[in-house]
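**Student:** Please find one structure pasted underneath; my questions will follow.
The values are calculated or read from the model by the stated rules, or taken from the named source; none is laboratory data. None of the values given here were measured: they were computed from a predicted structure. In this analysis, Cβ positions are derived from the backbone assuming ideal geometry, glycine residues included, and neighbour counts consider all displayed protein chains. To get the accessible areas, we keep the full protein, side chains included, count just its heavy atoms, and leave off ligands, DNA and RNA. Shrake-Rupley method; radii C 1.70, N 1.55, O 1.52, S 1.80 Å.
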Amino acid sequence: MPRVQLPVVNPKRNASNKGRIISQKRPLLPKQVWPIRALLELAGYLRDLALFNVAIDSKLRGCDLVKLAVVDLVKDDHIRERVSVTQCKTKKPVQFELTENTRETVIALVRSPELLCCRFMFSSRFHDRPHISTRQYDRLVRDWVTSIGLEPTGYGTHSIRRTKAAEIYRPAWMHGTFINAACGMLTSILRKTQKMRIGSFLMPKPKTQALRRHMLALPMYLI
């Protein structure tokens, strides 16, 4: 059967991810977070500053973040310290805490004239939209990282979501690396020396001063 050559079809518009790096986005570092906060505060962008702070503390996806209502964060003229939100993707509730700095920016936004009679926390400036869209949130993130000299193709809305989690797990990862190295050293010595029982673990009997120092360096929950 002869092969039929199909005509070339040109797309009407370019792909939305054309020219962008398609991979896991890098989280922001603390030295990058504070300049963005300072620039937004100096520029007087109260809504963007509150959006940036809430996005870091909540670790929510963009679709959940832009739909946050005022009643989700505010109760009886007070900002909730712990907020519970049902996620759009998983349909499961998730809880997060707001830091003091974030609560101050949120209460300032709530008391501002631009949020009067608005249901959603991050209202849109277009009258036919109740809140900002995820695409607008993505454009804001690109503007934020560009303002401090970062490459916008390497960052996205998921970078904001991963920022706080990466900072929390980084010390634990470094601590775990030390534990694995120490345990590997003690396991090799265990085969050559007399065994002794400490708690529920079999550990080598420390015969040298150097070995005693290494065992004392291990965390107590390993013993």
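**Student:** Might you check whether a residue that is farther than 21 Å from Ser124 by Cβ and out of contact with any helix residue (DSSP H, G or I) (no Cβ under 6 Å at 6 or more places or on another chain) occurs anywhere in the range 54-64? Before you say what the answer is, go through the steps one by one.
**Tutor:** Our first condition is that a residue be farther than 21 Å from Ser124 by Cβ; within the range 54-64, this holds for 56-57, 59.
Still in the list and also out of contact with any helix residue (DSSP H, G or I) (no Cβ under 6 Å at 6 or more places or on another chain): none.
The answer is no; no qualifying residue exists.
**Student:** Take Leu60 and tell me if it is more than 15 Å from His131 (Cα to Cα) and out of contact with any His (no Cβ under 8 Å at 6 or more places or on another chain).
**Tutor:** Taking the combined requirement at face value, the residue satisfies it.
**Student:** Give the residues of the range 86-104 that are part of a helix (DSSP H, G or I) and open to solvent by less than 50 Å² (accessible area, probe 1.4 Å), sorted by residue number.
**Tutor:** Answer for the range 86-104, where residues must be part of a helix (DSSP H, G or I) and open to solvent by less than 50 Å² (accessible area, probe 1.4 Å): just Thr102.
**Student:** For the range 67-85, which residues satisfy the criterion of being part of a strand (DSSP E or B) and under 18 Å from the mean Cα position of the chain (by Cα)?
**Tutor:** Scanning the range 67-85 gives Arg82, Val83, Ser84, Val85.
**Student:** Taking the range 105-114 as the search range and keeping residues that are open to solvent by less than 40 Å² (accessible area, probe 1.4 Å) and aliphatic (A, V, I, L, M), which one is nearest to Gly44 (Cα to Cα)?
**Tutor:** Leu109
**Student:** Still on this model: Could you please give the count of residues in the range 115-140 that are surrounded by 13 or more Cβ atoms within 10 Å (Cβ to Cβ) and within 17 Å of Asp77 (Cβ to Cβ)?
**Tutor:** Number satisfying all stated conditions: 3.
**Student:** What residue, of Ile189, Ile179, is in a helix (DSSP H, G or I), more than 28 Å from Trp34 (Cβ to Cβ) and either modelled with pLDDT of 85 or more or in contact with a strand residue (DSSP E or B) (Cβ under 7 Å, 6 or more places away or on another chain) (or both)?
**Tutor:** Checking each option against the conditions leaves just Ile189.
**Student:** Looking at the structure I just gave you, is Thr153 farther than 18 Å from Leu65 by Cβ, modelled with pLDDT under 90 and among the β-branched types (Val, Ile, Thr)?
**Tutor:** Criteria met by Thr153.
**Student:** What are the residues in the range 141-155 that are surrounded by fewer than 21 Cβ atoms within 10 Å (Cβ to Cβ) and of a type outside the set (A, V, I, L, M), if any?
**Tutor:** Our first condition is that a residue be surrounded by fewer than 21 Cβ atoms within 10 Å (Cβ to Cβ); within the range 141-155, this holds for 142-143, 146-154.
Matches in the range 141-155: Arg142, Asp143, Thr146, Ser147, Gly149, Glu151, Pro152, Thr153, Gly154.
**Student:** Something else: Looking at the range 36-81, which of its residues are over 16 Å from Ile107 (Cβ atoms) and open to solvent by 50 Å² or more (accessible area, probe 1.4 Å)?
**Tutor:** Leu39, Leu42, Ala43, Gly44, Tyr45, Lys59, Arg61, Lys67
Results for (1) out of contact with any His (no Cβ under 7 Å at 6 or more places or on another chain); (2) acidic (Asp, Glu); (3) more than 14 Å from Ile36 (Cα to Cα); (4) outside any loop (DSSP other than H, G, I, E, B), shown as yes or no for each residue.
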site	(1), (2), (3), (4)
Val106	yes, no, yes, yes
Cys117	yes, no, yes, no
Ser124	no, no, yes, no
Arg135	yes, no, yes, yes
Arg139	yes, no, yes, yes
Asp143	yes, yes, no, yes
Thr146	yes, no, no, yes
Ser159	yes, no, no, yes
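**Student:** Here is a check on your reading of the model: is Arg26 part of a loop (DSSP other than H, G, I, E, B), of a type outside the set (S, T, N, Q) and either modelled with pLDDT of 90 or more or surrounded by 14 or more Cβ atoms within 10 Å (Cβ to Cβ) (or both)?
**Tutor:** Here the answer is yes, as Arg26 does meet what is asked.
**Student:** Tell me, yes or no, whether the range 82-90 has at least one residue that is β-branched (Val, Ile, Thr), over 18 Å from Ser112 (Cα atoms) and without any contact (Cβ under 8 Å) to a residue 24 or more places away in the chain. Break it down into steps so the answer makes sense when it comes.
**Tutor:** Step one: filter the range 82-90 for residues β-branched (Val, Ile, Thr), giving 83, 85-86, 90.
Restricting the remaining residues to those that are over 18 Å from Ser112 (Cα atoms) gives 83, 85-86, 90.
Adding the requirement that they be without any contact (Cβ under 8 Å) to a residue 24 or more places away in the chain leaves 86, 90.
Yes, because at least one residue in the range 82-90 is β-branched (Val, Ile, Thr), over 18 Å from Ser112 (Cα atoms) and without any contact (Cβ under 8 Å) to a residue 24 or more places away in the chain.
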